[in-house]
Every structure is written in structure tokens, then in C-alpha cells.
1. Suppose we filter Ala96, Ala183 for residues that are at pLDDT 95 or above, touching a Ser or Thr at 6+ places or on another chain (Cβ under 8 Å) and surrounded by 14 or more Cβ atoms within 10 Å (Cβ to Cβ); which single one remains?
2. What residue, among those in region 126-144 that are among the small types (Gly, Ala, Ser) and outside any strand (DSSP E or B), is farthest from ligand 1 (Cβ to nearest atom)?
3. Is at least one residue of region 73-85 under 16 Å from the mean Cα position of the chain (by Cα), over 12 Å from Lys45 (Cα atoms), exposed (fewer than 15 other Cβ atoms within 10 Å of the Cβ) and of a type in the set (A, V, I, L, M)?
4. Do we find a residue being in a helix (DSSP H, G or I), of a type in the set (Gly, Ala, Ser), modelled with pLDDT of 95 or more and farther than 20 Å from Glu7 by Cβ anywhere in region 114-125?
5. How many residues does region 121-136 hold that are over 14 Å from the mean Cα position of the chain (by Cα) and over 23 Å from Tyr186 (Cα atoms)?
6. Taking Gly126 as the residue in question, decide whether it is closer than 24 Å to Pro193 by Cα and either without any contact (Cβ under 8 Å) to a residue 24 or more places away in the chain or within 16 Å of ligand 2 (Cβ to nearest atom) (or both).
7. Go through region 54-70 and give me each residue that's under 15 Å from Val85 (Cβ atoms) and either within 11 Å of ligand 2 (Cβ to nearest atom) or part of a strand (DSSP E or B) (or both).
8. If I ask for residues that are assigned to a strand (DSSP E or B) and more than 16 Å from ligand 1 (Cβ to nearest atom), which ones from region 87-113 would you list?
Amino acid sequence: MNNSFNEGRIEVICGPMFAGKTEEIIRRVRRLNYAKKKVLVFKPKIDNRFAEDLIVSHNNSKTEAIEIDNALEILLYIKKDVDAVVVDEAQFFDAAIVDVAQHLADRGIRVIIGGLDNNFKGEPFGPMPQLLAIAEEVTKLTAICVISGKPATRTQRLIDGKPASYNDPIVLIGASESYEPRARSYHEVLNKPVKVKK
Ligand code: TTP
Ligand code: MG
């Protein structure tokens, strides 16, 4: 397939943990596979919750993935026949992911990126704000708030069952032992500085 006839684009799938971002990525990959498109899937080396050469959703669907240390490594795998490039957990990459995504889309490649829009503090996570800004299409998924049952847009980090503190490190790999989805009004961060006074 000659990519010069394809229109490149960037799609971002974001939202809190437990929203089904990985599941949605795998769904899009599967459809591309049915269409016999050449797809490359990448994930950062940092997330080792599951088997290393796979991305796995909560409902246990899987697809093969290449683990990389930094975003520029993606370019080493790109050949003429690549139709789509998929990146999960993009919040963990450096700012170069933004330039890589632009470059691939300019070359006619469909770029599908999944990642947390907010960290546990409820603040933009890594390069995600820039990726959201340059995307042709944004899918913002929600989970379900464990307290209110309302749509959850935030990820609550819990340490020994208590809300984590604003000064805790941003990166803490984990799942339901340390995190749960919450709506805005039930999201708690200890010692969060007040930025706007009433
Ligand atoms: P995700 O894939 O976003 O979590 P998920 O699999 O529950 O969500 P989905 O079903 O939508 O795919 O993985 C998030 C990873 O990021 C997880 O290892 C925990 C980590 N993390 C941090 O390091 N810091 C943070 O502030 C938050 C919120 C998560
Ligand atoms: Mg995921």
C-alpha cells in the first residue's frame, strides 16, 4: 500500500484510569488488522504490569506491542509500508512524542495515541496537552466514580486507603490497589495548593 495516497491524522484517546482507553485502542487495532493494514503498536518500558510485548486491557483483550524507552525510537521502526502507528500510555513519554506524531501524520500515517489526560493531582500529564491540541480527533472517555456512580473524569490515588499527597511523585505504576476512578467533586489530593482564592 502506498501511503502517499493516505491522509495522515492524529487520534487521541484519553481519560482517567479504568475508562477503557486500552480496550478502545485494541478495538481500533483489530479493525485495522481486518483491513490488512500494517500497524505498529508501541508502549513505554515503564509500565510492566502485564506481559512485556503486549498491551492488555482490563477485560483481557491483547495486542502485540514494542516496548521503547523514548519516543524517537519509534522512527527506527517506520518503513514505507506502515499504515498506522499506535502508542499507549503516552503520558509517560518525553516531549519528542509530539514531534514524532506530527512527522508520522505528515507522512500519511494514521497515528492513534492513548494516555491519561490528568495525573493523580488532577493536573495535565506529561505531553498529553500538546497531543490533544494537535490531534484531528479526540475521544475523551470516562470511567464510573466509585463513590457517586457518576461519570469519573479523575483518577484517585490511594496510599494505605488514604488520598495521596500533592507532593508525592507523579509516576507510580499500579492498578486498583493504588487507584480508583472518581468524579471531580469526589477527587481528593492532600496538601493541594489553592491557586485561586474565593
Ligand atoms: P492506564 O492504562 O491509564 O490505566 P487503565 O489501564 O486502568 O486505564 P484504561 O482502562 O483506560 O486503559 O495506566 C495508567 C498507569 O499510569 C498506571 O500504571 C498507573 C500510572 N499512573 C501514574 O504513574 N501516575 C498517576 O498520577 C496516575 C493517575 C497513574
Ligand atoms: Mg490502559
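The values are calculated or read from the model by the stated rules, or taken from the named source; none is laboratory data. Just so we're clear, the structure is a prediction, and the values are computed from it rather than from any experiment. Because the Cβ atoms are built from the backbone with ideal geometry, glycine has one as well, and the counts that use them run over all protein chains shown.
1. Sole residue among the options that is at pLDDT 95 or above, touching a Ser or Thr at 6+ places or on another chain (Cβ under 8 Å) and surrounded by 14 or more Cβ atoms within 10 Å (Cβ to Cβ): Ala183.
2. Out of the qualifying residues, it is Ala133.
3. No, there is no match, as no residue in region 73-85 is under 16 Å from the mean Cα position of the chain (by Cα), over 12 Å from Lys45 (Cα atoms), exposed (fewer than 15 other Cβ atoms within 10 Å of the Cβ) and of a type in the set (A, V, I, L, M).
4. no
5. 3
6. For Gly126, the condition - closer than 24 Å to Pro193 by Cα and either without any contact (Cβ under 8 Å) to a residue 24 or more places away in the chain or within 16 Å of ligand 2 (Cβ to nearest atom) (or both) - is met.
7. Ile55, Thr63, Glu64, Ile66, Glu67, Ile68
8. Arg110, Val111
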